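The values are calculated or read from the model by the stated rules, or taken from the named source; none is laboratory data. All figures in this text were calculated on a predicted structure; none of them were measured in a lab. A quick note on method: Cβ atoms are made from the backbone with ideal geometry, for glycine too, and the neighbour counts reach across all protein chains shown. Heavy atoms of the whole protein, side chains included, go into the accessibility calculation; ligands, DNA and RNA do not. Shrake-Rupley method; radii C 1.70, N 1.55, O 1.52, S 1.80 Å.
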Amino acid sequence: MVLSSNLWKTPVTLLTGFLGAGKTTLLNSILKGKSDRRFGILVNDFGSLNIDQMLIKNRDDDLITLEGGCVCCSLQNNLVNSLPKILSLRPDQILIEASGIANPYTLLQTLKRPVLSRIIRLESIITLVDATYLPQICEPSGKINYQDLLIDQISAADIVVLNKIDLIDEKAQINASQIIQKIAPWVRLLKGSYGDVSLDLLLGFRDSFPVRSVSSQLKSNHSDNFHTWSYESVRPFQLLTLGKILGKLPVTVWRAKGILSTVEHPNRGVILQQVGPRITLEIGEEWGNNPPFTQLVLISTEAMNTKILQQQLDSCLRVEDFEVNSKTQTKDNFILSNEM
């Protein structure tokens, strides 16, 4: 009997999908599932703040985060260096949550480097797709941006999870499924809401998927098409005022996410998720001994006017706090950046 060399390599699952598709929610669902596996987790968030790492609820597994760029572009070497660190902790399986703008083809090239391919094996690529936005994203626009990126994310996948089906009717579900099958007829298509998909359908495969091409039509530095801006504060927002501001963001701001300190819920963080015009707020965990804070990230397909954004968000702070900040003009209250 000849044993496959893959038996001695740690399996890696690559979790990808466009901005706001629900990758972190699915990751949490996997971690909460009944499994005897010990996971090593690598999370990449596009921007100077890694919001996703704070939204991962199960901290029993080992977690390494990559922030300040895209793991398939500027952070490729960081990925190469981080995987051995995770392996030194002896996980049974590694889960990589790529940023929403990551191209899986470039990640495939990185994972196939000899320094990594000797110690890991790619078990599967799982791509999450937001069922509510798939048709409009895939409409031809005549320029290379997120349409092409989403198509690459789907075509590279072994498994596609059509997420958020609770927000569309059956006809729209059929339409979305047909779009995916037209792009990648070989994928295993699953449907779900809030990332609720059976763990047995997502993990535990061994050499069962065909080898995919590692070529893409996108330029290697495709992240130039996206801009991110982050905002931090120790002062609470007024949710009603903030909601009005977020509802008027430019249409080019595709994604906003963060953990908020608010007047309405002083003892708990409020988790903000915004995809296009759809805004959801969830009451999070208690602050406990930690001081309340706000960390918010916006991602846009065009450069943002950060001066106006700062003024708009400042105006959403509790009035008396904002008046104090205006008088003291301390820089420590607001930390703003405009990094790729």
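One table, with the values for the structure above:
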{"read-out": "Residue-span extension gain [T306 to L190] - 0.36 nm each, minus C-alpha spacing", "value": "37.9 nm"}
{"read-out": "Cβ-Cβ FRET estimate between L89 and K112, R0 fixed at 22 Å, reported to 0.05", "value": "0.45"}
{"read-out": "Kirkwood Rh (inverse of mean 1/r, distinct Cα pairs), the stretch 225-313, angstrom", "value": "13.3"}
{"read-out": "By accessible area with a 1.4 Å probe, ligands and nucleic acids excluded, highest first: order of K191, K32", "value": "K32, K191"}
{"read-out": "Cross-link table K171/K248; K85/K244; K112/K307, entries beyond 32 Å C-alpha to C-alpha", "value": "K85/K244; K112/K307"}
{"read-out": "Gain on full stretching of the segment that runs from R38 to I279 - 0.36 nm per residue minus C-alpha separation", "value": "83.4 nm"}
{"read-out": "Residues D169 and V319, FRET efficiency given R0 of 41 Å [Cβ-Cβ distance, rounded to 0.05]", "value": "0.45"}
{"read-out": "Which of S193, S315 is most accessible, then next, and so on - probe 1.4 Å", "value": "S315, S193"}
